[in-house]
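One structure is given below, encoded as structure tokens.
The values are calculated or read from the model by the stated rules, or taken from the named source; none is laboratory data. No experiment lies behind these values; they were computed from the predicted model shown. Quick reminder, even Gly has a Cβ in these numbers, built from the backbone with ideal geometry, and neighbours come from all protein chains shown. Side chains are part of the model used for accessible areas, which takes the heavy atoms of the whole protein and leaves out ligands, DNA and RNA. Shrake-Rupley method; radii C 1.70, N 1.55, O 1.52, S 1.80 Å.
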Amino acid sequence: GSALNVLYKASKEKVLDINISLLISNNTNSPALQNADKYGIKNYLVNSKTSENPDAKIYELLKENDCEYVFLSGYMKKLSPEITNNFKVINTHPSLLPKYGGAGMYGKFVHEAVIKNKEPISGVTIHEVNEIYDDGKIILQKELTLNANETAQSLEKRIKELEKIAILEGLKLY
């Protein structure tokens with residue numbers, strides 16, 4: 001939900017020249033669905049319970065709404081090559097890729113691994129998406145230094161704030 005808020009505000013304030021025409025979530029409880037309603041953005045819940053083939057449904061919705069770019073934030077499923085090859089798909093990841101990327105590396109799991117391994121720095125990566133988890137071309141990385149008493153929870157909170165900045169800077173570059 002927080003990435004949608006950042007992008008919506010940036011579009012309204014002309015910080016980014018974008019039109020958010022569609023929001024798709026696979027999470028029934030996603031705050032982004034409610035925020036999209038509030039902002040007047042078409043939104044759909046698409047998952048294995050709502051569609052026999054979620055990727056085909058997502059592809060169909062993207063085509064119907066003339067989408068060129070797809071921005072992922074908190075989307076945990078691997079997208080089909082049909083989507084990654086036909087749209088410019090960009091993701092935000094809560095680590096400095098290639099570290100702490102790949103299947104199963106998302107959210108708190110990333111931050112727990114960073115703390116466990118006593119990393120001195122962490123950060124956010126904005127990258128292109130291809131058929132391999134967290135493998136696409138890096139657009140932008142922003143880093144922060146971990147505090148001496150850092151926990152996974154405090155790091156997650158700091159990374160989420162840094163992510164708001166990285167999203168705008170990364171999309172401007174892209």
If you go through the stretch 1-17, how many residues are open to solvent by 40 Å² or more (accessible area, probe 1.4 Å) and in a helix (DSSP H, G or I)? 5
Closer than 21 Å to Leu7 by Cβ, hydrophobic (A, V, I, L, M, F, W, C) and outside any helix (DSSP H, G or I) - does that describe any residue in the stretch 140-153? yes
When the stretch 158-168 is examined, which residues are found to be within 11 Å of Leu7 (Cα to Cα) and either surrounded by fewer than 22 Cβ atoms within 10 Å (Cβ to Cβ) or small (Gly, Ala, Ser) (or both)? Lys164, Ile165, Leu168
Boolean, Ser122 is open to solvent by less than 20 Å² (accessible area, probe 1.4 Å), in a loop (DSSP other than H, G, I, E, B) and in contact with a helix residue (DSSP H, G or I) (Cβ under 8 Å, 6 or more places away or on another chain): no
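Taking the stretch 136-163, which residues are within 14 Å of the chain's Cα centre (by Cα), of a type outside the set (A, V, I, L, M) and farther than 13 Å from Gly123 by Cβ?
Scanning the stretch 136-163 gives a single hit, Gly136.
Conditions (1) free of Cβ contacts under 8 Å to residues at least 24 places away in the same chain; (2) within 25 Å of Tyr174 (Cα to Cα), marked per residue:
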| position | (1), (2) |
| --- | --- |
| Lys14 | yes, yes |
| Ile20 | yes, yes |
| Ala36 | no, yes |
| Lys42 | yes, yes |
| Glu52 | yes, no |
| Ile58 | no, yes |
| Leu61 | no, yes |
| Pro94 | no, yes |
Residue hits (the stretch 131-152; out of contact with any Ser or Thr (no Cβ under 8 Å at 6 or more places or on another chain) and free of Cβ contacts under 8 Å to residues at least 12 places away in the same chain) are Ile132, Lys137, Ala148, Asn149
Could you list, in sequence order, the residues of the stretch 110-119 that are surrounded by 14 or more Cβ atoms within 10 Å (Cβ to Cβ) and either among the small types (Gly, Ala, Ser) or without any contact (Cβ under 8 Å) to a residue 12 or more places away in the chain (or both)? Ala113
Inspect all residues belonging to the stretch 18-31 and state whether any of them is modelled with pLDDT of 95 or more, open to solvent by 60 Å² or more (accessible area, probe 1.4 Å) and out of contact with any helix residue (DSSP H, G or I) (no Cβ under 8 Å at 6 or more places or on another chain). no
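Any residue that is of a type outside the set (Val, Ile, Thr), in a helix (DSSP H, G or I), out of contact with any Lys or Arg (no Cβ under 7 Å at 6 or more places or on another chain) and open to solvent by 70 Å² or more (accessible area, probe 1.4 Å) - is there at least one of those in the stretch 35-47?
Going through the stretch 35-47, the residues of a type outside the set (Val, Ile, Thr) turn out to be 35-40, 42-45, 47.
Those still in the list that are in a helix (DSSP H, G or I) too: 35-39.
With out of contact with any Lys or Arg (no Cβ under 7 Å at 6 or more places or on another chain) added as a condition, the list becomes 35-39.
Okay, now just the ones that are also open to solvent by 70 Å² or more (accessible area, probe 1.4 Å), so 37-38.
The answer is yes, given that some residue of the stretch 35-47 is of a type outside the set (Val, Ile, Thr), in a helix (DSSP H, G or I), out of contact with any Lys or Arg (no Cβ under 7 Å at 6 or more places or on another chain) and open to solvent by 70 Å² or more (accessible area, probe 1.4 Å).
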